[in-house]
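Take a look at the structure set out below.
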Amino acid sequence: MVSWPDDYDGAWTLGASAQRSGIGLHSGQQVCVTLQPSQRPGVWVSWPSSEGSEPLRLKPSQVRDSPLCTTLELGERRLATVEHLLAAVAGCGLTHVHLEVEGSEVPLLDGSAQGWVEAIAEAGMAPAATPASARPQLQQPIALHRGSSVITATPAEQFMLVGVIDFPQPAIGRQQCALALTPERFVAEIAPARTFGFREQVDQLRAAGLIQGGALDNALVCDGDHWLNPPLRYPDEPVRHKLLDLIGDLALVGFPRAQVLVYRGSHGLHTDLAAVLADRSDAQP
Ligand SMILES: [Zn+2]
């Protein structure tokens with residue numbers, strides 16, 4: 001049993017390395033990520049199989065909103081479907097980690113962050129030798145929207161999340177989830193929640209060549225008033241997954257001491273907030 005950090009104030013790396021491989025959502029190819037300990041703060045990535053690949057530090061400014069997932073633009077390279085891996089890293093409290101990647105995307109595993117949490121648990125958590133990067137400070141509330149979708153961040157003692165989703169499909173409907181996040185609560189209540197999609201989309205996306213690797217074993221698929229592949233891991237698994245995505249999209253900027261409330265969120269809206277938080281962090285002395 002791993003003992004997770006109590007909060008997000010410490011500096012933590014891995015005790016050893018751990019690897020996961022699987023099918024990439026977009027390419028349908030086998031892809032592999034090795035998580036390694038690091039003594040430098042931040043999330044670093046390298047491609048050991050290509051010569052002269054220097055480790056790069058991941059930054060919020062590299063995030064691109066692409067259909068279905070979050071992609072990082074790293075010079076010549078792109079790294080797609082990073083959000084569940086980054087959610088697991090930040091959600092578990094890791095502040096220093098090095099990712100060795102084979103391929104141009106991160107394996108989807110079961111559509112949740114569970115596999116990455118298990119990899120982190122396998123490697124163990126160890127105190128890092130250098131301090132973690134500062135968390136974003138919030139003096140004033142932030143409110144952003146895209147159409148009727150809204151995200152707000154208001155100053156608070158700790159990182160608190162409130163998510164609300166509202167879908168016309170009766171199997172989902174209106175769901176809400178609120179929690180004060182800690183690594184332990186992330187692992188127990190958020191990490192296992194899987195991606196969800198809709199039956200109509202699956203055929204369209206497949207036809208467009210976008211989800212070669214997408215199958216009924218790595219996403220919950222909703223067909224109006226029922227799920228094609230029950231059982232759910234939580235009755236409100238979809239809204240928990242939305243919070244998982246939000247955590248992943250904030251991972252590179254750090255968790256603000258704020259209550260973040262998101263109504264009908266999307267990766268685009270989450271990354272809008274991350275960009276504002278990153279600007280405020282840069283403004284810190
Ligand atoms: Zn997701």
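Considering only residues of the range 102-120 that are at pLDDT 95 or above and away from the ligand (no atom under 16 Å from the Cβ), which is most open to solvent (accessible area, probe 1.4 Å)? Taking the candidates together, the pick is 118. Restricting attention to the range 80-91, does a residue exist that is acidic (Asp, Glu) and touching a residue at least 12 places away in the same chain (Cβ under 8 Å)? Within the range 80-91, one or more residues are acidic (Asp, Glu) and touching a residue at least 12 places away in the same chain (Cβ under 8 Å). Restricting the first member to the range 244-270 and to residues that are free of Cβ contacts under 8 Å to residues at least 60 places away in the same chain, and the second to residues that are within 16 Å of the ligand (Cβ to nearest atom), no beta-carbon pair is closer than 7 Å while six or more apart or on different chains.
Once the range 52-83 is narrowed to residues that are among the basic types (Lys, Arg) and under 26 Å from residue 280 (Cβ atoms), the residue that is farthest from the ligand (Cβ to nearest atom) is 57. Every test in (1) assigned to a loop (DSSP other than H, G, I, E, B); (2) open to solvent by 40 Å² or more (accessible area, probe 1.4 Å); (3) out of contact with any strand residue (DSSP E or B) (no Cβ under 9 Å at 6 or more places or on another chain) is passed by residue 192 save one, and that test is (2).
The C-beta contact set for the range 127-156 (first residue without any contact (Cβ under 8 Å) to a residue 40 or more places away in the chain, second residue surrounded by 16 or more Cβ atoms within 10 Å (Cβ to Cβ), distance under 6 angstrom, 6+ apart or interchain) comprises 143/152. Across the range 150-162, the number of residues qualifying as touching a Leu at 6+ places or on another chain (Cβ under 8 Å) and part of a loop (DSSP other than H, G, I, E, B) comes to 2. Entry remark, the range 234-271: residues being open to solvent by 30 Å² or more (accessible area, probe 1.4 Å) and more than 14 Å from the ligand (Cβ to nearest atom) number 9 in total. The residues of the range 134-149 that are open to solvent by less than 50 Å² (accessible area, probe 1.4 Å) and not in a loop (DSSP other than H, G, I, E, B), listed by number, are 142, 144, 149. Taking the criterion of being within 23 Å of residue 88 (Cβ to Cβ) and open to solvent by 10 Å² or more (accessible area, probe 1.4 Å), the residues of the range 217-230 that qualify are 217, 218, 219, 229. When the range 1-26 is filtered for residues that are hydrophobic (A, V, I, L, M, F, W, C) and either buried (at least 18 other Cβ atoms within 10 Å of the Cβ) or touching a Pro at 6+ places or on another chain (Cβ under 9 Å) (or both), the ones remaining, listed by number, are 4, 11, 12, 14, 16, 18, 23, 25.
With the condition kept exactly as written, say whether any residue in the range 84-101 is closer than 16 Å to residue 272 by Cα and either within 13 Å of the ligand (Cβ to nearest atom) or over 16 Å from the mean Cα position of the chain (by Cα) (or both).
Kept after step one, since they are closer than 16 Å to residue 272 by Cα, are these residues of the range 84-101: none.
No, the conditions are met nowhere in the range 84-101.
The values are calculated or read from the model by the stated rules, or taken from the named source; none is laboratory data. Just so it is clear, the structure is predicted and the values come from calculations on it, not from any experiment. Cβ coordinates were reconstructed from backbone atoms using ideal geometry, including for glycine residues, and neighbour counts include every protein chain displayed. Just so you know, the surface numbers come from the protein's heavy atoms only, side chains and all, with ligands and any DNA or RNA stripped out. Shrake-Rupley method; radii C 1.70, N 1.55, O 1.52, S 1.80 Å.
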